[in-house]
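The structure appears right after this line, and notes come after that.
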Amino acid sequence: MPQPITSLEGEVYYPPQEVIAQAHVPDWDGLQAEADADYLGFWEARARELEWQAPWRMVMDDSRAPFYKWFLGARTNIVHNALDRHVATWRRNKLALIWEGEPGDQRSLSYHALHREVGQFAQVLKSMGAERGDRITIYMGRIPEIIVAMLACAKIGAVHSVVYGGFSVEALHGRIEDSQSKLLITADGGWLNGKIVRLKDIADEALRRCASVEHVIVVRRTGHEVRMEPGRDFWYDDLLQLPLSRPGNDRPQTEILDAEEPLYILYTSGTTGKPKAIVHTHAGYQVGTYATLKYVFDLREEDRWWCAADPGWVTGHSYIVYGPLLNGATSFMYEGAPTYPYPDRWWRMIEKYGITILYTAPTAIRGLMRFGDAWPARHDLSSLRLLGTVGEPINPEAWKWYHRAIGKGRCPIMDTWWQTETGMFMITPVPSAPLKPGSATKPFFGQQAEVVGEDGQVVPDGEEGNLVLKRPWPAMLRTIYGDDDRYVEQYWSKYPGRYLTGDSAKRDRDGYFWIIGRVDDVIKVSGYRLGTAEIESALVSHASVAEAAVIGLPDELKGHAIHAFCILRAGYSPSIQLQEELKAHVAHEIGPIARPAEIQFTDALPKTRSGKIMRRVLKARALGMSEGDTSTLEE
Ligand code: PRX
């Protein structure tokens, strides 16, 4: 409930007393000061809460900055802390995952069951020749097997590369090719909005364009008929039946690794060119995701945590898969669309499963808000105690609806700012913090953030500038896969010694950060991160397009919508039919999320002298147009 504004400026929501009383961190400012004074000590204490096969010699090594190392000398495997250590305790009987499919089918896995299936599948991967350090691509929907597959890779020291199941042919092909994966793990299909997403067909088409993949493992999900290439493709459930284990050693061992060995790569869009693979490692990442989830969402043994993201994005990696398991928590995962068959699907499941914490994106909140209060009001949401949001700035209107209609005014909202690169929450409140709708509040314990101008000087409070982070953190990216130079260039060269986030932000007089958005050519569509370059390259891969430029324009629901400007090749002329064909082409190449909202044909694009397209000019022009005018074809 809003309370009279005391010392903080603007609209402030103070946490309810009972939330503060039960919080892991009742004194936000106090722990901040403590962690600030002894930053490495703070992280070392968090690391001690996990188990290690050999201790570290050094908490953080900055001798080769910006190639920072964490927990140097330690030996570990994230799967040991996420699964193995729990099955040795009473938690073996605790549910690790509760899952509901879109058609309504259900599956629950205890820690024991998940540990067992991961062990079996790890054995399968080994028998197919997967070795430590190998990249394995995973392309699936939100089904339990995606979690099993990720953990099985990590268990044997292989590096998973998950490609979001909403991506399509070229996006999948590019990521397989770049990572040189030998194995692809996919499913026949997935359910979305009552329809089958034909994952295996898309995978087959992508594989025709690349040669590295030797075997494909296919989970049977939808049961529709798919082509299985003899010798190359195998059914997951068939493989799990095989007696693969060696006699007397039927429990595959978790491979114990050096702290800095890679855990996964995850592709994300940057300023230029193709998506780049962000590298995360075992030791630092496990400490970072474990501690941030524990503190920010005040995780307790009895919680039922629901991160409604997709495992294919970093949010899912950190807070569906690793963070909750590291905490020994019970997670809920749902396969399908939030509005299927009706707009109360989410609220129904919160009631049914007794979800205590819901973590989602502003775009989902806005989408559900559209249907009005009656849908959530039909359900008992009293099990909820905390809410969360991530992915883009949340507009205060959506924040207030979420707080009122879903949280019934009782549940503080954790607005967590972070990135694929950061691996973990970076600017975020904790439940005992006073909240301001639309602000992600302050840096996580011990971290320092700044808003700086082009000259690198901190700008005055209230002014916009580039958001930078001042201290390395355990779950930070280690590099861009195969491209150390680009890592240094992109994140550490503009302001040496400080990490460039690519976001613009403001800081207010209370030290609260307000994220404005990307400063580079990255567009956030429904919270998904897409590069203008990828979409442009998909457009020019169509026979009719000579040149293309893509911008993001404000959209009430999606945050931003994609607008594309295309110059046609000789012999092609503008038509509504061609517009539709190009939209479908982009959706086919990258995925439905990248489908442009508008295609505009043009004879020329504004460019700098050196030939760079000035997207800013296009954006200004587009915003100056009256509504309804955008689809008019230019000659
Ligand atoms: O622009 C910021 C926005 O999402 C970007 C990172 O996108 P991605 O790597 O896909 O990771 C998204 C999920 C961690 C950031 O640079 N962003 C993320 N969280 C917030 C946000 N913008 C405002 N508020 C947030 N809470």
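Every listed requirement among (1) open to solvent by less than 30 Å² (accessible area, probe 1.4 Å); (2) not in a helix (DSSP H, G or I) is met by LEU172 save one, (2). For ARG85, the conditions (1) part of a helix (DSSP H, G or I); (2) in contact with an Asp or Glu (Cβ under 7 Å, 6 or more places away or on another chain); (3) buried (at least 19 other Cβ atoms within 10 Å of the Cβ) are fulfilled apart from (3).
Considering the conditions (1) part of a loop (DSSP other than H, G, I, E, B); (2) within 16 Å of the ligand (Cβ to nearest atom); (3) open to solvent by 10 Å² or more (accessible area, probe 1.4 Å), MET424 is excluded by exactly one of them, (3).
Is there a residue in the stretch 253-266 that is out of contact with any strand residue (DSSP E or B) (no Cβ under 6 Å at 6 or more places or on another chain) and at pLDDT below 95? For the stretch 253-266, residues out of contact with any strand residue (DSSP E or B) (no Cβ under 6 Å at 6 or more places or on another chain) and at pLDDT below 95: present.
Within the stretch 435-448, how many residues turn out to be more than 12 Å from the ligand (Cβ to nearest atom), under 16 Å from ARG507 (Cβ atoms) and in a loop (DSSP other than H, G, I, E, B)? Adding up the residues that qualify gives 5.
Can you run down the residue pairs with Cβ atoms below 7 Å, 6 or more apart or on separate chains, where the first is in the stretch 105-127 and assigned to a strand (DSSP E or B) and the partner is acidic (Asp, Glu)? Qualifying pairs under 7 Å: GLN106/GLU100.
Of the strands (runs of 3 or more DSSP E) lying entirely inside the stretch 449-526, those containing at least 3 residues that are crowded, with 20+ Cβ neighbours inside 10 Å and more than 12 Å from the ligand (Cβ to nearest atom) are 449-452. For PHE565, the conditions (1) away from the ligand (no atom under 16 Å from the Cβ); (2) open to solvent by 20 Å² or more (accessible area, probe 1.4 Å); (3) outside any loop (DSSP other than H, G, I, E, B) are fulfilled apart from (2).
The set of residues from the stretch 22-66 being without any contact (Cβ under 8 Å) to a residue 40 or more places away in the chain, of a type in the set (Gly, Ala, Ser) and in a loop (DSSP other than H, G, I, E, B) comprises just one member, SER63. When ALA277 is tested against (1) buried (at least 22 other Cβ atoms within 10 Å of the Cβ); (2) part of a loop (DSSP other than H, G, I, E, B), only condition (2) is not met.
Got at least one residue in the stretch 580-594 being without any contact (Cβ under 8 Å) to a residue 12 or more places away in the chain, open to solvent by 30 Å² or more (accessible area, probe 1.4 Å) and assigned to a helix (DSSP H, G or I)? Looking for residues that are without any contact (Cβ under 8 Å) to a residue 12 or more places away in the chain, open to solvent by 30 Å² or more (accessible area, probe 1.4 Å) and assigned to a helix (DSSP H, G or I), one finds at least one in the stretch 580-594, hence yes.
Of the conditions (1) closer than 18 Å to PRO474 by Cβ; (2) among the polar types (S, T, N, Q); (3) in a loop (DSSP other than H, G, I, E, B), THR271 fails just one. Which one is it? Tallying (1) closer than 18 Å to PRO474 by Cβ; (2) among the polar types (S, T, N, Q); (3) in a loop (DSSP other than H, G, I, E, B), THR271 fails exactly one: (1).
Among the residues here, SER383 qualifies as of a type outside the set (Lys, Arg), surrounded by fewer than 20 Cβ atoms within 10 Å (Cβ to Cβ) and either within 16 Å of the ligand (Cβ to nearest atom) or modelled with pLDDT of 95 or more (or both). Applying the criterion of being within 22 Å of ALA433 (Cα to Cα) and part of a helix (DSSP H, G or I) to the residues of the stretch 294-314, the residue that is nearest to the ligand (Cβ to nearest atom) is VAL296.
The values are calculated or read from the model by the stated rules, or taken from the named source; none is laboratory data. All figures in this text were calculated on a predicted structure; none of them were measured in a lab. Note that each Cβ is placed from the backbone with ideal geometry, even for glycine, and that neighbours are counted across all protein chains shown. Remember, those area values only see protein heavy atoms, side chains included, never the ligands or the DNA or RNA. Shrake-Rupley method; radii C 1.70, N 1.55, O 1.52, S 1.80 Å.
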